[in-house]
Amino acid sequence: MREPFTLIKDRYLLIDSWTKKDSNLVAGFTTKNGGVSQKEYQTLNIGFHVDDRLVDVQANRRLLAEDLSFSLNCWVGAEQTHETYIQRIGRSDAGRGAIEYESSFKRTDGFYTSEKNILLTLCYADCVPLLFYAPKQGFIGATHAGWKGTVGEIAGKMIKAWQGEGISANEIFVVIGPSICSNCYMVDDKVIHRVQKLLEEYDEKPYNLISEGQYQLDLKHLNAIILEKSGVPKHQIDISTYCTSCHDDLFYSHRRDKGRTGRLMSFIGWKEE
Ligand SMILES: [Zn+2]
């Protein structure tokens, strides 16, 4: 499979096929490099909630805003809770959660908008970033899916929300971003039972039994199956081969770094022409 992300600068990767087709679209994922944070957060930590110094997180965000030519006044961010609430963003929301945690959207793990000059941002360290794009109708969106959000079918909820806006599933393109690979992600029976329930009528099994009660789970593949179940054509779903845990040189990983680490960011927005 072709890798949808290309490293543009040390700080970020862009989704090639989308941003080449539409030069006003900015869509991609950050790395852990090129920032100012210290210790376990070195260097480009984007997360406000991980005990890093606030001034360093703000400085990192400013560096990215400059790189992307997307002012912080236009960013929106969330207090993510591994649930499945999705917020539609309007023009007046611009700037919420951009330079401090307090103003961000509470209890939110997904955003979408049809407005220009809004950068939808969400934070990750191993969880799955999903970026959504309906070029014809001018809609963009993003979700954050760890195992809870994934089995809660946040990916399918975004498709339903867009169907409610008059967009059919076969007009939606999705990119599944850098996140933990199945070799690096072991889960127990509790998680696998939820996955099995979800895939009852499905042949594809995105997990392997390794030992008694221990499974490798492919969260990216599971999200792709959920999207297909929701009607998104398979050839419109691209999956990144980057693993946040394997690629120590590029990414933070919650599992690899034993919980003390920084946060990466997915971003998608249109610049006004
Ligand atoms: Zn891996």
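Could you give the DSSP H helices of the chain that reach 24 angstrom or more along their long axis (alpha carbon positions) and whose average Kyte-Doolittle hydropathy is no lower than 1.0? The qualifying helices: there are none.
Relative contact order for the chain using alpha-carbon pairs under 8 Å, separation at least 6, rounded to a whole percent?
On the way: 612 pairs, mean separation 65.2, N = 273.
Once divided by the residue count of the chain, the mean separation gives 24 percent.
Label sites at Thr81 and Gln236, each approximated as a point 7 angstrom past Cα along Cα to Cβ, lie 3.2 nm apart. Between Gly141, Gly231, Gly110, the GNM of the chain built on Cα springs shorter than 10 angstrom shows Gly231 fluctuating the most. Straight-line cross-link partners of Lys197 among the lysines, defined as a Cα under 17 Å from its Cα and at least 8 positions apart when in the same chain: Lys148, Lys205, Lys229.
According to the square roots a ≥ b ≥ c of the eigenvalues of the Cα gyration tensor, what is the shape class of the stretch 1-62, taking rounded for a/c under 1.5, prolate for a/b larger than b/c otherwise, and oblate for the remainder? Before the final figure, lay out the partial values.
On the way: a/c = 3.05, a/b = 2.25, b/c = 1.36.
Prolate, because a/c is 1.5 or more and a/b exceeds b/c.
Of the residues Gln137, Gly90, Met158, the one whose Cα sits farthest toward the positive end of the charge dipole of the stretch 77-169, with +1 on the Cβ of Lys and Arg and -1 on the Cβ of Asp and Glu, is Gln137. Computed from backbone phi, the HN-Hα couplings of the stretch 114-131 come to 10, 7, 7, 6, 10, 10, 7, 10, 9, 10, 8, 8, 4, 4, 8, x, 10, 10 Hz, rounded to whole numbers (Karplus: 6.51 cos²θ - 1.76 cosθ + 1.60, θ = phi - 60°; Gly and Pro given as x). Mean-square fluctuations from a GNM of the chain, with a 10 angstrom spring cutoff on Cα atoms, peak among Leu63, Leu131, Leu14 at Leu63. What separates the Cα centres of the stretch 32-49 and the stretch 11-25 is a distance of 24 Å.
Once R0 is set to 25 Å, what does the formula 1/(1 + (r/R0)^6) return for the Cβ-Cβ distance between Ser168 and Lys106, expressed as a FRET efficiency to the nearest 0.05? The formula returns an efficiency of 0.20 here. With the dipole of the stretch 19-64 worked out from charges on the C-beta (+1 for Lys and Arg, -1 for Asp and Glu) around the Cα centre, which of Gly34, Gly47, Val57 lies farthest toward the positive end? Of the candidates, Gly34 comes out farthest on the positive side.
Please work out the C-alpha center-to-center distance from the stretch 122-160 to the stretch 196-249 and express it in whole Å. One Cα centre to the other: 14 Å.
Here Lys39 is the anchor, and the lysines within straight C-alpha reach of less than 18 Å, apart from those fewer than 8 places off in the same chain, are Lys258. The lysines within cross-link reach of Lys271, meaning a Cα-to-Cα straight distance under 22 Å and a gap of 8 or more places when in the same chain, are Lys9, Lys20, Lys21, Lys116, Lys136. Shown here are the Rg and Dmax of the Cα trace of the chain, at 17.4, 57 Å.
Heavy-atom accessible surface of the chain, averaged per residue, reaches 43 Å², computed with a 1.4 Å probe.
Basic side chains Lys and Arg get +1 at the Cβ, acidic Asp and Glu get -1 at the Cβ, and with that the dipole of the stretch 1-156 about its Cα centre reaches some 420 debye. Per atom type, the chain shows carbon and sulfur on 47% of its accessible surface, probed at 1.4 Å. Using the Kirkwood radius over Cα pairs, work out the Stokes-Einstein diffusion coefficient for the stretch 118-240 at 25 °C and 0.890 mPa s, in µm²/s as a whole number. Calculated translational D: 165 µm²/s.
Cysteine residues of the chain whose Cβ has no partner cysteine Cβ closer than 4.7 Å: Cys74, Cys123, Cys127, Cys184. Within the shell of other residues whose beta carbon sits under 13 angstrom from the beta carbon of Cys243, the net charge comes to -2, with Lys and Arg scored +1 and Asp and Glu -1.
The values are calculated or read from the model by the stated rules, or taken from the named source; none is laboratory data. From a predicted model like this one, the values you see are computed outputs, not experimental measurements. Positions of Cβ are backbone-derived with ideal geometry, glycine not excepted, and every protein chain shown enters the neighbour counts. Ligands, DNA and RNA are stripped out before the accessible areas are found, and what is left, the full protein with its side chains, is counted by its heavy atoms. Shrake-Rupley method; radii C 1.70, N 1.55, O 1.52, S 1.80 Å.
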